[in-house]
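Step one of this worksheet: look at the structure below.
The values are calculated or read from the model by the stated rules, or taken from the named source; none is laboratory data. Source: prediction; values computed, not measured. No Cβ is skipped: glycine too gets one built from the backbone with ideal geometry, and neighbour counts run over all protein chains shown. Side chains included, ligands, DNA and RNA excluded: accessible areas come from the protein's heavy atoms. Shrake-Rupley method; radii C 1.70, N 1.55, O 1.52, S 1.80 Å.
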Amino acid sequence: MGPRDHHRLVTLSDPDEVARTAAERLLARIDANPGRIAICLTGGSSPKRLYGLLATEPYRGRIPWERVHWFIGDERFVAPGDPLHNMSTARKILLDDCAPAANIHPIPTDGASPDESAARYERELKSFYGAERLNPAKPLFDLVLMGAGPDGHTASLFPGYAALDERERWAVGVPTAPVEPYVPRITLTFPVLDTCREMLFEVAGPDKRAILTRLLAGENLPANRAQSIGETVWLVDKAALPENFRGE
C-alpha cells in the first residue's frame, strides 16, 4: 500500500460503517453486471458484520439471488459445520436463507488432504469460468472480499510460504498455519484472487493497528501483494489506523 496508487484507502468511523460501505460496494458491483455474477467471500471475523447486514432488508431484497454465485477465498481443513469452517459461517448468517443451494460453492473439506481439496476446487472454478487459463479481459470474480491477518497474510497466503509465488495452480493446500487456528488450510492463489473487477479489504478495530501500520509503510507482506485488475479498495475504521495517520 502506501506508494502503490492502485490501492485506495477509505477511512470510516467504525465497524458498522465499514460493513455498510462494503455492502453498498458489493451491491454496486452486482448492479453493474446484468448477467451471471461471482462473489468471492472471505473467512475470519471481519466479514461477519457484513454478512449479517446483507441478510436484512433493504440489502437482501436488492440482491438478485438467482444470478449470484458465492465462492470463498480460503478454507480451514475442518468438517462443514465446524465453528472454524469459513463457508459454514457465511451459510449460517446469510447464504442458506437467501441463496439457491446450487449457487453456493464451498471448498470441499471431506477429502484425504488439503491438496486434494484444492485440486477439486480448482476444477470447479475452471468449470464455472469455462476455460483452463485466466484471461484478464474476462474477470473470474465481480468482487473479492479480503482481510488482513496479524502477520499480514490474506486469504491463507502467509508470509514466507511457497504459495505466494504460485502462478499455475488456482488453489493450493496449506499443510500448516503459523497463526491461530493452527489447522491446515486451502487457499486460492494470487492469480485467481486478483482476477476480479474489484477487491475489497475490510480492516477494523484497534487490534489491526499494528499490522496496518506495517502495510501502510509499504512492507512486502501478502496483503500488500494482492490487487484487482480493476479497483482495490481498503475500508478501514479509525480505530485501526496508526496514530497521526494522514490519508484520504
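Restricting attention to the stretch 37-96 and to residues that are among the acidic types (Asp, Glu) and without any contact (Cβ under 8 Å) to a residue 24 or more places away in the chain, the residue that is farthest from residue 19 (Cα to Cα) turns out to be 82.
For the stretch 74-124, how many residues meet the condition of being among the aliphatic types (A, V, I, L, M), within 16 Å of residue 169 (Cα to Cα) and in a helix (DSSP H, G or I)?
At the first step, the residues of the stretch 74-124 found to be among the aliphatic types (A, V, I, L, M) are 78-79, 84, 87, 90, 93-95, 99, 101-102, 104, 107, 112, 118-119.
The next check asks that each one be within 16 Å of residue 169 (Cα to Cα); those that pass are 107, 118-119.
Applying the additional criterion that residues be in a helix (DSSP H, G or I) yields 118-119.
Matching residues across the stretch 74-124 total 2.
Residues of the stretch 15-29 that are over 15 Å from the mean Cα position of the chain (by Cα), within 12 Å of residue 58 (Cβ to Cβ) and open to solvent by less than 50 Å² (accessible area, probe 1.4 Å): 27 alone.
Might you let me know whether the stretch 200-207 holds any residue that is closer than 26 Å to residue 84 by Cα, in a strand (DSSP E or B) and among the aromatic types (Phe, Trp, Tyr)? Before you say what the answer is, go through the steps one by one.
Filtering the stretch 200-207 down to residues closer than 26 Å to residue 84 by Cα leaves 200-207.
In the following step, the residues that additionally are in a strand (DSSP E or B) were identified as 200-203.
Applying the additional criterion that residues be among the aromatic types (Phe, Trp, Tyr) yields 201.
Within the stretch 200-207 (the criterion being closer than 26 Å to residue 84 by Cα, in a strand (DSSP E or B) and among the aromatic types (Phe, Trp, Tyr)), the answer is yes, since at least one residue qualifies.
Going residue by residue through the stretch 177-189, is there one that turns out to be over 19 Å from residue 75 (Cβ atoms) and either more than 12 Å from the chain's Cα centre (by Cα) or in contact (Cβ under 8 Å) with a residue 12 or more places away in the chain (or both)? Checking the stretch 177-189: not a single residue is over 19 Å from residue 75 (Cβ atoms) and either more than 12 Å from the chain's Cα centre (by Cα) or in contact (Cβ under 8 Å) with a residue 12 or more places away in the chain (or both). Within the stretch 162-180, the set of residues being in a loop (DSSP other than H, G, I, E, B) and open to solvent by less than 30 Å² (accessible area, probe 1.4 Å) comprises 170, 177, 179.
Among residues of the stretch 211-224 that are over 21 Å from residue 74 (Cβ atoms), those with a beta-carbon under 6 Å from a residue that is among the small types (Gly, Ala, Ser) and open to solvent by 10 Å² or more (accessible area, probe 1.4 Å) at least six positions away or on a different chain give the pairs 216/2; 218/2. Restricting the stretch 181-194 to residues that are in a loop (DSSP other than H, G, I, E, B) and out of contact with any strand residue (DSSP E or B) (no Cβ under 7 Å at 6 or more places or on another chain), which is farthest from residue 109 (Cα to Cα)? Here the answer is 194. Scanning the stretch 125-141 for residues being open to solvent by less than 20 Å² (accessible area, probe 1.4 Å) and not in a loop (DSSP other than H, G, I, E, B) gives a total of 3. A Cβ distance below 6 Å, combined with a sequence gap of six or more or placement on separate chains, defines the contacts here; from the stretch 137-157, residues that are under 17 Å from residue 231 (Cα atoms) reach residues that are basic (Lys, Arg) in the pairs 139/197; 142/29; 142/197; 143/29.
The condition (being over 24 Å from residue 51 (Cα atoms), in contact with a helix residue (DSSP H, G or I) (Cβ under 9 Å, 6 or more places away or on another chain) and at pLDDT 95 or above) is satisfied by just one residue among 225, 209, 185, 197: 225. Of all the listed residues (190, 158, 141, 201), the sole one being more than 27 Å from residue 68 (Cα to Cα) and among the aromatic types (Phe, Trp, Tyr) is 158.
Which of the residues that make up the stretch 100-150 are among the acidic types (Asp, Glu) and closer than 25 Å to residue 198 by Cβ?
Filtering the stretch 100-150 for residues among the acidic types (Asp, Glu) gives 110, 115-116, 122, 124, 132, 142.
Matches in the stretch 100-150: 122, 124, 132, 142.
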